[in-house]
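The values are calculated or read from the model by the stated rules, or taken from the named source; none is laboratory data. Quick caveat, the model's predicted, so the values are computed rather than measured. For neighbour counting, all protein chains shown are included, and Cβ atoms are generated from backbone atoms with ideal geometry for every residue, glycine included.
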Amino acid sequence: MASFRPPGDNADPRFTYSPYARPVQIAQINCVVIDTRLHDLDPRALDFVLNFAKDNDLTIEEACEFEPKSQTPT
């Protein structure tokens, strides 16, 4: 997901995460939070992520709002 970054983001992609796909830990469970604004950038990218999760029997939860301040990054 490193190629889906906001314009002007020059951070080294080997050491940073895309703002559209971030690993977090919620209630001691490792998760990846996908920002659905990714669909606005490239609908195929969001479809890829969702299909990857489905193909690998990963749980998908939809949330209206996510508060990263209350979560611990992994």
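Filtering segment 17-35 to residues that are assigned to a loop (DSSP other than H, G, I, E, B), surrounded by 12 or more Cβ atoms within 10 Å (Cβ to Cβ) and either at pLDDT below 80 or not hydroxyl-bearing (Ser, Thr, Tyr) (or both) leaves Tyr17, Ser18, Pro19, Asp35. Being part of a helix (DSSP H, G or I) and surrounded by 11 or more Cβ atoms within 10 Å (Cβ to Cβ) is a property that Asp47 has.
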